[in-house]
Amino acid sequence: MRVVIAEDTVLLREGLAGLLEDAGHTVLAGVGDAESLLAVVAEHEPELAIVDVRMPPTYEDEGMRAAVEIRRLHPRTGVLVLSQHVEGRFAVELVGSEGGFGYLLKDRVLDVGEFLDAAERVSRGGSALDPEVVKQLLSPSRDDDALGELTPREREVLALVAEGRTNASIAKELWLTEKTVETHVRSILGKLDLPQDGATHRRVLAVVTYLRASVA
Amino acid sequence: MSGMSRLRIAAWGAACVLPACFAMELLPSVNTLDWLPLWLLPPFVVAFMAPVLVGLLIANRQPRNVIAWIMLLGPIGVALSTPVAWAFGEGWGLQMDRATWPLLYAWPIAIAFVFPNGRLLSSRWRWVVGLAVVSFVGSVTLAMFESSPFYGEDAAVPNPLADNSVGEAQYAEPLSWVLWLGMLASLFVGAYAIRLRLRRSTGVERLQTMWLAWAASLVPVALVLCLLSGLLGYALGVTFVDWVVFPMLLGLWIATAAAVGIAVTRHGLFAIEALVNRTLVYVSLTALLVAAYAGITIGLGVFVGGDSPWVIAFATLAVAVAFRPLRARIQDVVDRRYNRARYEGVRLVRDFEDEVRDGLRAPEEVGAVVADALGDPLTELYFWLPETEAFADVSGDVVADLPRDDRAGREIRRDDARTAVLLHDPILLERRDLLDGVLAAAALSIEMARLRVEVRLQLAEVEASRTRIVEAGYEERRRLERDLHDGAQQRLVSLGVQLRRLQLALPRGAEVLSPAIDQAVDEVASTIGDLRQIAAGVRPARLDDGLAAALRDLAQSAPLPVEVEAPRERVAASVEAAAYFIACEALTNAVKHGSPSKVAVRAVRENGALYVSVADDGVGGAVVRRGSGLAGLRDRVAAHGGTFEIVSPRGGGTRVEVEIPCE
């Protein structure tokens, strides 16, 4: 996997690059602001860009804007946005609107396996939504009859689906067989009245869109 | 003795000359006025004394007033023939009598040139006046050398100047006619001068000038009529002097004196009114008190008998007690009669004060009321704020400097300290009695209004600074949140990543360390989680996305269903922050004390304000206690100039309603 990293803290940028390289990926460039990011993406057309939300000069949402820009100009480059805290709807909307986009809290990096998993998923056009965001989407304060019909196990599966996981990954996480996961997923999609579709990333989009819509 | 009082005494002296001249007529040796029919005597005395009295009235108030002195001295010249006759013999008196007739016209036209301010219209008019003076003085001087004998009843008296070379000279006759025409011309020009002034003047000055303009236009007409009647009389062999020329001249004098008098008394010229007013008040007061004293002493004397000291003591006491209320009463009556403006002005202010007392009007309206009472719409009142050393207008706005224009400024003081400054039309300086009366009546209202304006400004300043402090607090929270996320948290993540890389790079045989590193990384991760919690408590980052987003996050992290309704449009960041923390506090409070099953948070933007309500279906009975969360909430709302209300019947849930202005 060919990667560029945009992160203004040099120490973290080097750390991330090291982790990726240790895992056998190629880090083409590491930059510290959005402008340089767009330049190196245009230059290398990488499979993945890892982008910090807050960067110079204003430390507001430069990274998020750059992410949208990259998705528009370079549809083949997946973007994984990293944030210090849950940034909100913007991320959910981006993850829900198309593939090739991921949104994670920075400390997910510490769980190296899952981080690399998510990174690879996004680089292949899949999705990754931080569990914290998913938790908020599934918050108990929601008044949703369809969600209420789900069993606790189905809710667990739904959360992992929303995160962008594949059936295999879900099965591993929950100590289930892939077959059982598949059954759960079919049941969930049925209860939420969503189309049964084989492709993982389309399934994620449907689920996230559903959750997003019922929040708004 | 000051120059002013010396001039005043001189004025009284000048005023006495004329009666003295008249008195001399009573001497057997003097009979200058013998020709005067008896029926003309009263109007004659009135006509001569009228300008003198008006002049004296003005001179008393303004001893340097030019018009006053013209009126005081003008009539004397004509009357001087009497003392001359007494001192030098009848011949000289008669000679003077027939020579000084131009002076009958001189003083009225002199006034027409300088009325009402005592100055000429412009410096160019000096030439005109110079020519007038030359023709008048020349005429009188030339006539003094008249050598012809007297005629009529006085034919027997020899002319003391018979056969003098000047009177007999060839040029005397034509020169007298030239000078006569010069006089006539200057009379016309004088009448024109005052009309010109009338046309250029406005307001009070116009009213003052109007009467004199009419009187002055009679002056040249009188001279022409005089000539015509003389010629006609000569042709017909009769004399018109008694019943045409003299009544006309006397009428002219009375008219001029009356015109000046009207200007003085009716329109406040030279501020004579106050003098007249005070004289009237004190004369009536004295008369009434003396009458009362006499009445009591005599009345009681009849019963008690003789002049008992008790009677005198009682009368004195009665008079002393009556003095003040009686004076006020008389002042009122006199004002109502002779100083309508002041009377009405003061009454207007007093009525206003009563309305203020009854709470019908605000003291700040005093500025408008004073303007009304003074009849001057240009009047403006500025309150002095000693603390900031600045002025504020009646609406409470601080002004950097008083407007600089041609208005006069009058400082209003109370207890030796400046309270306000009144800017007014300078014409009011001529009506000092009105100004003083109105301001004295309004003093308390002005002080009250000033204090209110001052307190209001101070309160506004305190409120503004409280808002600034609260807003600075929000900004500080924002900075703190940023520091936590981008500083400490970022470094912890870097540390964790380094640990992971270390773990992956452990050499063979050192794998035993791996679980320990896992544990360290877990520790780092949970510390990051803690930091995130703290940062969110300091200020939720979601507020950057707007109130609606932040409130939804709040609802999602709540342990019970929370219904949220919030506007998507953005308002000022400080207002959003305030609304968020208010909702937060109210929600925490509800969960902690109300045990509700659900909560509804609503934020609505309406009429330039953000309304936030947090309602639960819990146990109710919430009260705002000092130091409690609700009290803090109320303070926060107050800092934004908003309102706070809580409805919490026992068993009926709690509803907190807040309104924050956001424009």
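Laid out as a table, the results:
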read-out: Over segment B:341-469: Rg over Rh, Cα atoms, Kirkwood Rh; value: 1.00
read-out: Dimensionless Rg ratio for chain B, taking C-alpha atoms and the 2.2 N^0.38 Å reference; value: 1.80
read-out: Modelled FRET efficiency - R0 60 Å, B:Glu606 with B:Leu504, Cβ distances, 0.05 increments; value: 0.55
read-out: Nitroxide proxy distance, nm - points 7 Å out along Cα→Cβ at B:Arg432 and B:Ala631; value: 6.1 nm
read-out: Distribution of pairwise C-alpha distances over segment B:351-423, 5 Å bins, in %; value: 3, 15, 23, 25, 20, 10, 3, 0
read-out: Filtered trypsin sites (Lys or Arg not before Pro), segment A:1-104: DSSP coil and at most 16 other beta carbons within 10 Å; value: A:Arg76
read-out: Gain in span if fully extended, B:Ile9 to B:Arg126, counting 0.36 nm per residue against the direct Cα distance; value: 39.1 nm
read-out: Modelled FRET efficiency - R0 41 Å, B:Leu288 with B:Ser308, Cβ distances, 0.05 increments; value: 0.95
read-out: Charged-residue dipole, Cβ positions (Lys, Arg, Asp, Glu), the protein assembly as shown about Cα centre, Debye nearest 20; value: 2080 debye
read-out: Per principal axis, descending, Cα span of chain A in whole Å; value: 48, 35, 28
read-out: Sparse-neighbourhood loop sites, GluC sites (Glu not before Pro) in segment A:165-197 - DSSP loop, at most 15 other Cβ within 10 angstrom; value: none
read-out: Histogram of C-alpha separations across segment B:415-562, 5 Å bin width, %; value: 2, 7, 9, 9, 8, 7, 7, 6, 5, 5, 5, 5, 5, 4, 4, 3, 2, 2, 2, 1, 1, 0, 0
read-out: Kirkwood hydrodynamic radius (C-alpha pairs) into Stokes-Einstein, segment A:2-129, 10 °C and 1.306 mPa s, D in µm²/s; value: 114 µm²/s
read-out: With Cα atoms, 0 to 90° folded angle of helix B:41-61 axis to chain B main axis; value: 40 degrees
read-out: Stokes-Einstein D for the protein assembly as shown, Kirkwood Rh over Cα pairs, 37 °C, 0.692 mPa s (µm²/s); value: 85 µm²/s
read-out: Shape of segment B:545-661, Cα gyration tensor, a/c cut at 1.5; value: oblate
read-out: Computed helical MRE - 222 nm, chain B, DSSP H runs ≥ 4 contributing -39500 (n - 2.57), nearest 500; value: -21500 deg cm²/dmol
read-out: Using alpha-carbon coordinates, inclination of helix B:340-357 to the longest axis of chain B, degrees; value: 20 degrees
read-out: Excluding exposed DSSP-loop chymotrypsin sites (Phe, Trp or Tyr not before Pro) (at most 11 other C-beta within 10 Å), longest clean stretch of chain B; value: B:172-663
read-out: Close Lys-Lys pairs in chain A, where close means Cα under 20 Å and separation is 8 or more or interchain; value: 4
read-out: In segment B:63-133, the trypsin sites (Lys or Arg not before Pro) that fall in loop regions by DSSP, at most 12 other Cβ within 10 Å; value: B:Arg64, B:Arg119, B:Arg124
read-out: In order through segment B:398-415: 3J(HN,Hα) via Karplus (6.51 cos²θ - 1.76 cosθ + 1.60), integer Hz, x for Gly, Pro; value: 6, 10, 5, 9, 5, x, 9, 9, 8, 6, 8, x, 10, 7, 10, 10, 8, 6
read-out: Relative contact order of chain B, pairs being alpha-carbon contacts under 8 Å that are 6 or more residues apart, as %; value: 7 percent
read-out: Size of segment B:35-103 as Cα extents on the principal axes (Å, biggest first); value: 40, 27, 20
read-out: C-alpha long axis of helix A:34-44 to longest principal axis of chain A, angle in °; value: 90 degrees
read-out: Size of electric dipole in chain B: Cβ of Lys, Arg +1 and of Asp, Glu -1, about Cα centre, debye, nearest 20; value: 500 debye
read-out: Beta bridges per DSSP with both ends in the protein assembly as shown, % antiparallel, nearest 5; value: 60 percent
read-out: q = 0.14, 0.15, 0.17 Å⁻¹, segment B:275-338: log10 I(q)/I(0) [Debye, one scatterer per Cα]; value: -0.46, -0.51, -0.61
read-out: Cα-projected label distance for B:Ala87 with B:Cys16, points at 7 Å along beta-carbon direction, nm; value: 1.7 nm
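Rule-based calculations on the coordinates, nothing more; no lab input. In this text the structure is predicted, and so the values were computed from the model without any measurement. No Cβ is skipped: glycine too gets one built from the backbone with ideal geometry, and neighbour counts run over all protein chains shown.
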